[in-house]
Amino acid sequence: MLKAEGLVAGYGAAEEILKGAWIDVEAGEIVTIIGPNGAGKSTLLKAIAGLVPLKGGTVKMNGADVTRQDALGRSKAGLAFVMQEKNVFGTMSVAENLDIASFGNSSGMAARREAIYARYPVLAEKRKAMARTLSGGQRQLLAMGMGLMTEPKLLLLDEPTAGLSPKAAEELFMAIIELNQSGLPVLMVEQHALEALEISTRGYVIVTGRNAATGGGKELAADPEVRRLFLGG
Ligand SMILES: Nc1ncnc2c1ncn2[C@@H]1O[C@H](COP(=O)(O)OP(=O)(O)O)[C@@H](O)[C@H]1O
Ligand SMILES: [Mg+2]
């Protein structure tokens, strides 16, 4: 469903950050990207979402080449990207955050908002509350809900459990599993590598902008080299 190949991208400096990285996601999957800090994992998600310009490579969604499409075009092609930080508007209400995430597509917006409230009742309870008053876990659910407002075919999540307590992180992983079981493939970057790989069909290890390893989630989580490099033993 997603086929990203040979991605080369950076931020204008001499050296590129992504040096040919590739990622596939098939229907029904949860796929996790792990790797050291600064490896280019966030840049990889941004390159897939159309938020950093590509100097090389291709991005295909369900066989359609979206490489030349900007972020809005890729959103229309079914990609939704939830950034790691600043992913909600703190001084706007929960409801306003959901509505603004429709990118001006107001037809059916109320119904889509209600579907998200049904999925995440805590957001319904807090629909009038300012987003900055939410707990970390609730804020992350709101950010995912905003992604869902475009009715994506693939959800990209950048470190969804960053900064959450172990309990909130576990609840968020449960929410990701539940979303996936409702039919939505998920591609995420995670620092909680072991926990994320355990719930993933497959994983990728990215090091200095290149693919270093790939395999089944549980298989990678058990790989001694992966454990030594990323999990502290
Ligand atoms: N907006 C930016 N401008 C310039 N350099 C950036 C920017 N964002 C990230 N970088 C650099 O790109 C490299 C990879 O960053 P990133 O993709 O965020 O890594 P990761 O998510 O794996 O920690 C880092 O060296 C980082 O400093
Ligand atoms: Mg990152």
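The values are calculated or read from the model by the stated rules, or taken from the named source; none is laboratory data. Note that the structure is predicted; figures quoted are calculated from it, not measured. No Cβ is skipped: glycine too gets one built from the backbone with ideal geometry, and neighbour counts run over all protein chains shown.
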Task: Evaluation of residue 233 against (1) part of a loop (DSSP other than H, G, I, E, B); (2) modelled with pLDDT of 95 or more; (3) farther than 22 Å from residue 124 by Cα (one fails), failing number - done: (2)
Open item on the list: Please go through the range 120-150 and give me each residue that is closer than 23 Å to residue 49 by Cβ, in contact (Cβ under 8 Å) with a residue 40 or more places away in the chain and of a type outside the set (S, T, N, Q), ordered by number.
Closed with: 120, 131, 139, 142, 143, 144, 145, 146, 147, 148, 149
TODO: Please state which one of 156, 164 is assigned to a strand (DSSP E or B) and at pLDDT 95 or above.
DONE: 156
- [ ] Scan the range 17-35 residue by residue and report those that are more than 9 Å from ligand 1 (Cβ to nearest atom), over 12 Å from residue 204 (Cα atoms) and hydrophobic (A, V, I, L, M, F, W, C).
- [x] 27
Open item on the list: Take residue 38 and tell me if it is surrounded by fewer than 16 Cβ atoms within 10 Å (Cβ to Cβ), within 15 Å of ligand 1 (Cβ to nearest atom) and without any contact (Cβ under 8 Å) to a residue 24 or more places away in the chain.
Closed with: yes
- [ ] Please determine, by comparing only the residues of the range 2-16 that are closer than 16 Å to residue 204 by Cβ and crowded, with 17+ Cβ neighbours inside 10 Å, which one is farthest from ligand 1 (Cβ to nearest atom).
- [x] 2
Task: Where a residue in the range 83-94 is within 25 Å of residue 190 (Cα to Cα) and its partner, wherever it lies, is assigned to a loop (DSSP other than H, G, I, E, B) and within 13 Å of ligand 2 (Cβ to nearest atom), with Cβ under 6 Å and at least six apart - done: 84/159; 84/162
- [ ] Answer with yes or no whether residue 221 is outside any helix (DSSP H, G or I) and modelled with pLDDT under 95.
- [x] no
Task: Qualifying residue in the range 97-107 (condition: under 21 Å from the mean Cα position of the chain (by Cα) and surrounded by fewer than 17 Cβ atoms within 10 Å (Cβ to Cβ)) - done: yes
